[in-house]
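A.B. asks: Let me begin by handing over the structure; questions about it come next.
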Amino acid sequence: MAEHPPYPVGLRLSGRRVVVLGGGQVAQRRLPALIAAGADVHLVSPEATPSVEAMADSGEITWLKRPYRPGDLEEAWYALIATDDPEANSRASAEAETHRVWCVRSDDADAATAWTPAAGHSEGVTIAVLTTDAKGRDPRHTAAVRDAVVEGLRDGTLVAPHHRTRTPGVALVGGGPGDPDLITVRGRRLLAEADVVIADRLGPRDLLAELPPHVEVIDAAKIPYGRFMAQEAINNALIEHARQGKSVVRLKGGDPFVFGRGMEEVQALAEAGIPCTVVPGISSSISVPGAAGIPVTHRGVAHEFTVVSGHVAPDDERSLVDWPSLAKLTGTLVVLMGVDKIGKIAETLIAHGKAPGTPVGLVQEGTTAAQRRVDATLATVAETVRAEGVKPPAVIVIGEVVRTTPRPSE
């Protein structure tokens, strides 16, 4: 048997009995995929890891809290043998052979009738990689091949065109805070498949350079106090290109629904009868402070954080922010789009009871190569912004968490 390579096949285990012997780390790694496949999983083990126990407590698997007994594999379609008792593993393996149950053994692959491939998933496709040389199995190489294929499909560097007709529409993709590696896997894949990309200035611009030459890129940059593409024009562009049967990606910075006007675009598309997929993104409100060493919450320091827009001053009649109430909070306050209004914001918070010495951290161009952090207090932040030349985009963090950043010992 060892002279022949394994025959690859996909098992359809939905509703079928699967027996797992052993509740240790091997079971912990393998159980989620079996559960996702819809298998009727029966775990036989006196003990289990906390994660495996949680699966049993939630009803995802049936747990028999005892060692293996002859007959446990009756009526099973598939078995995973992963106990720390070699003798029990051998007896269970023999039972699987008797009942013609495909069986994987974690302790002795040569004695098994099935091997678990290194598997990954991308857009409804499962990639399973097996070593064909039984004598020279190299699990690390197999996993590396799997990872390379999956990553290539996800980020678009490995192109596998769809041969079935795609449904035209719009994907509203949150690109994250700026670092191209922080876009979601799904967002990057949709970007790689787009015919048209309508991109914001704060989106991950480096990703645009990776697009094929045939992709039309439309600049929807809304530069503060400069040239901009009106929201109505953006909505119309999305609708127009989608109606032409094209796959359109609206690439936005951060998350589409965190001060990104994403819902306006979703509503416009819905009114036009255009299907829209929303892909959440990593919001700069938490990721940028984190990249600069500032946690928005910290045990014993802050049990809450509030995110507000600072694009209009507190004394502006258009402001919807309850600044007096924010001044009374003891948690962290994160202000987006507020660099040029930070003086008025600080004055208002102090006037309503916030201590002038409250620390403030400003992180400019967060997660990018140009990232820099400037610290101040509410009393000094306006002058510090002017002196240091802090420019948007910058995330402002107000609260004691700013002081939690570890400093190198002198």
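A.B. asks: Could you compute Rg(Cα) / (2.2 N^0.38 Å) for region 279-331, with N its residue count? Display every interim value, and only then the final one.
C.D. replies: Values: Rg = 13.5 Å, N = 53, 2.2 N^0.38 = 9.9 Å.
After normalising by residue count via 2.2 N^0.38 Å, the value is 1.36.
A.B. asks: Report Rg (one decimal) and Dmax (nearest whole number) for region 17-116, counting Cα atoms only, units Å.
C.D. replies: According to the Cα coordinates of region 17-116, Rg and Dmax are 12.0, 35 Å.
A.B. asks: I'd like the distance between the alpha-carbon centres of region 359-410 and region 28-71, rounded to an integer number of Å.
C.D. replies: Value for the Cα centre distance between the two parts: 49 Å.
A.B. asks: Further question: Count of lysine pairs in the chain with Cα atoms under 15 Å apart, counting only pairs 8 or more residues apart in sequence or on different chains?
C.D. replies: Numbers: Lys222/Lys252; Lys328/Lys354; Lys341/Lys391; Lys344/Lys354.
Lysine pairs satisfying the spacing and distance rule in the chain number 4.
A.B. asks: Counting pairs of alpha carbon atoms under 8 Å apart in space and at least six apart in sequence, what relative contact order in percent does region 351-393 give?
C.D. replies: Working: 45 pairs, mean separation 16.0, N = 43.
Contact order relative to length: 37 percent.
A.B. asks: Which shape class applies to the chain: rounded if a/c is under 1.5, otherwise prolate when a/b exceeds b/c and oblate if not, where a ≥ b ≥ c are the square roots of the Cα gyration tensor eigenvalues?
C.D. replies: On the way: a/c = 2.72, a/b = 1.74, b/c = 1.56.
Because a/c hits 1.5 or more and a/b exceeds b/c, the chain counts as prolate.
A.B. asks: FRET efficiency for Ala144 and Thr405, Cβ-Cβ distance as r, R0 = 35 Å, nearest 0.05? Numbers along the way, then the final one.
C.D. replies: On the way: r = 36 Å, r/R0 = 1.04.
According to the calculation, E is roughly 0.45.
A.B. asks: Determine, from the Cβ-Cβ distance of Leu11 and Ala370 and an R0 of 41 Å, the FRET efficiency 1/(1 + (r/R0)^6), rounded to the nearest 0.05.
C.D. replies: Rounded to the nearest 0.05, the efficiency is 0.25.
A.B. asks: Give the order of Leu269, Leu251 when sorted by the count of other beta carbons within 10 angstrom, beginning with the fewest. Walk me through the intermediate numbers first.
C.D. replies: Working: Leu269 21, Leu251 30.
With the sparsest Cβ surroundings first, the list reads Leu269, Leu251.
A.B. asks: Right, another one. For region 28-77, which trypsin sites (Lys or Arg not before Pro) pass both filters: DSSP loop (anything but H, G, I, E, B) and at most 14 other C-beta atoms within 10 Å?
C.D. replies: Details: sites: Arg29, Arg30, Lys65; in loops: Lys65.
Passing sites in region 28-77 are Lys65.
A.B. asks: Compute the FRET efficiency between Ala379 and Arg299 as 1/(1 + (r/R0)^6), taking r as their Cβ-Cβ distance and R0 = 22 Å, and round to the nearest 0.05.
C.D. replies: Numbers: r = 27 Å, r/R0 = 1.24.
That pair, Ala379 with Arg299, gives E of 0.20.
A.B. asks: To continue, here is another question. For region 229-364, count the residues as N, evaluate 2.2 N^0.38 Å, and divide the Cα radius of gyration by that value, please.
C.D. replies: Numbers: Rg = 18.4 Å, N = 136, 2.2 N^0.38 = 14.2 Å.
Taking the Cα Rg and dividing by 2.2 N^0.38 Å, one obtains 1.29.
A.B. asks: Given the -39500 (n - 2.57) contribution per DSSP H run of 4+ residues, what per-residue ellipticity at 222 nm results for the chain, rounded to the nearest 500 deg cm²/dmol? If you can, show how the numbers build up before the last one.
C.D. replies: Details: 11 runs with 113 residues, N = 410.
About -8000 deg cm²/dmol.
A.B. asks: Taking θ = phi - 60°, what integer Hz values does the Karplus form 6.51 cos²θ - 1.76 cosθ + 1.60 yield along region 36-44, in sequence order, with x for Gly and Pro?
C.D. replies: 4, 6, x, 5, 8, 8, 10, 9, 10
A.B. asks: Within region 289-348, report the GluC sites (Glu not before Pro) that DSSP leaves as loop and that have at most 16 other Cβ atoms within 10 Å.
C.D. replies: Details: sites: Glu304, Glu317, Glu347; in loops: Glu304, Glu317.
Of the GluC sites (Glu not before Pro), the ones in loops of region 289-348 whose Cβ has at most 16 other Cβ atoms within 10 Å are Glu304, Glu317.
A.B. asks: Still on this structure: Amide H neighbours of Phe305 under 5 Å, at least 5 residues apart or on other chains, H built in the peptide plane: list them.
C.D. replies: Thr332
A.B. asks: Taking the Cβ of each residue in Met263, Met55 as the centre, tally the other Cβ atoms inside 10 Å and list the residues starting with the fewest. It would help to have the intermediate numbers written out before the result.
C.D. replies: Values: Met263 12, Met55 21.
Ordered by Cβ neighbours within 10 Å, fewest first: Met263, Met55.
A.B. asks: Any chance you could tell me what percent of the C-alpha pair distances in region 286-404 go past 17 Å? Don't skip to the answer; put the middle values down first.
C.D. replies: Values: 3526 of 7021 pairs.
In whole percent, the long-distance tail amounts to 50.
Read-outs: derived from the displayed coordinates by stated rules, not from any lab. From a predicted model like this one, the values you see are computed outputs, not experimental measurements. Note that each Cβ is placed from the backbone with ideal geometry, even for glycine, and that neighbours are counted across all protein chains shown.
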